[in-house]
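Right, one structure below, let's go through it.
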């Protein structure tokens with residue numbers, strides 16, 4: 001069977017449709033066309049074409065996973081969970097079942113994302129600490145719990161927290177400034193702050209500070 005045409009897609013300028021014996025067979029991104037040496041007139045066996053179809057699927061899944069990774073830094077566990085969902089069969093609106101991708105394809109996509117540093121737990125941890133610091137006050141303990149729930153190794157968590165300039169007392173003051181008026185009972189406020197991961201000593205220090213420091 002022969003490659004009879006390679007046509008640029010209208011919706012995605014980075015992908016092309018590949019025709020085999022005058023009929024559409026699969027699509028590839030431009031880098032795949034180059035790396036695989038796809039050319040008009042090249043002949044392939046049925047088995048070789050099935051291999052190219054797998055490359056087509058890999059390219060599509062990788063592109064979607066890359067988009068997911070670029071919306072914000074992702075931990076390795078988050079990406080694994082995302083790709084695992086892709087392995088599950090889904091039902092279309094018309095009732096037809098869309099088969100999930102193979103576990104091998106999912107693993108290959110993850111490996112490439114890790115190789116290209118598009119998924120990196122250290123980068124994710126640094127982003128997470130900075131983002132949470134900017135959004136609202138949060139304790140180091142809570143940050144560590146959140147990152148651990150995302151699958152980040154404890155050593156990476158400790159290293160990132162050690163290099164940040166954030167301090168629990170400053171973060172706590174942010175929380176107190178937002179929440180203090182909601183609690184007419186200081187004990188309830190202290191209980192709330194402790195539940196956010198702040199130590200009692202830090203809470204006491206912040207609450208006892210003059211108003212112009214709190």
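Mind telling me which of 122, 78, 167 comes out most flexible in a GNM of the chain, alpha-carbon contacts under 10 Å?
Among 122, 78, 167, the largest mean-square fluctuation in the Gaussian network model of the chain belongs to 167.
Taking R0 as 35 Å, what FRET efficiency do you get between residue 191 and residue 148 from their Cβ-Cβ distance, rounded to the nearest 0.05?
0.90
Counting alpha carbon pairs within less than 8 Å and at least 6 residues apart, what relative contact order, in whole percent, applies to the stretch 1-79?
Once normalised by length, the contact order is 26 percent.
Order of 189, 70, 83 from fewest to most other C-beta atoms within 10 Å?
With the sparsest Cβ surroundings first, the list reads 70, 189, 83.
Roughly how many nanometres apart are two label points built 7 Å out from the Cα toward the Cβ at residue 112 and residue 21?
2.8 nm
Which option, (1) 188; (2) 122; (3) 106, is the value of volume of the Cα convex hull per residue in Å³ that was calculated from these coordinates?
For volume of the Cα convex hull per residue in Å³, the calculated option is (1).
Using alpha-carbon positions, what is the distance between the centroids of the stretch 71-127 and the stretch 30-44, in Å?
Using only Cα atoms, the two centres lie 27 Å from each other.
Return the FRET efficiency for the residue pair residue 49, residue 72: r is the Cβ-Cβ distance, R0 is 30 Å, and the value is rounded to the nearest 0.05.
0.20
How do 120, 185 rank when sorted from fewest to most other Cβ atoms within 10 Å of their own Cβ?
Going from least to most buried by this count: 185, 120.
Can you tell me the 0 to 90 degree angle between the C-alpha axis of helix 186-195 and the longest principal axis of the chain, rounded to 10?
30 degrees
Given contacts defined as C-alpha pairs under 8 Å and at least six residues apart, what's the relative contact order of the chain, whole-number percent?
RCO, the chain: 13 percent.
Any chance you could give the angle, 0 to 90 degrees and rounded to 10, that helix 46-71 forms with the longest Cα principal axis of the chain?
20 degrees
If the label point is 7 Å along Cα→Cβ of residue 12, which residues in the stretch 108-127 have backbone nitrogen under 11 Å from it?
Correct set: none at all.
Go ahead and set up a Gaussian network model of the chain, Cα springs under 10 Å, then flag whichever of 12, 165, 94 fluctuates most.
94
Taking the chain as the reference, fit the longest principal axis to its C-alpha atoms, fit the long axis of helix 154-163 to the helix C-alpha atoms, and give the angle between the two in degrees, 0 to 90, nearest 10.
60 degrees
Could you give the length gained by full extension between residue 36 and residue 103, i.e. 0.36 nm per residue of separation minus their alpha carbon distance, to one decimal place?
21.9 nm
Read-outs: derived from the displayed coordinates by stated rules, not from any lab. A quick note: this is a predicted structure, and the numbers were derived from the prediction, not measured. Please note: Cβ atoms are built from the backbone with ideal geometry, for glycine as well, and neighbour counts cover all protein chains shown.
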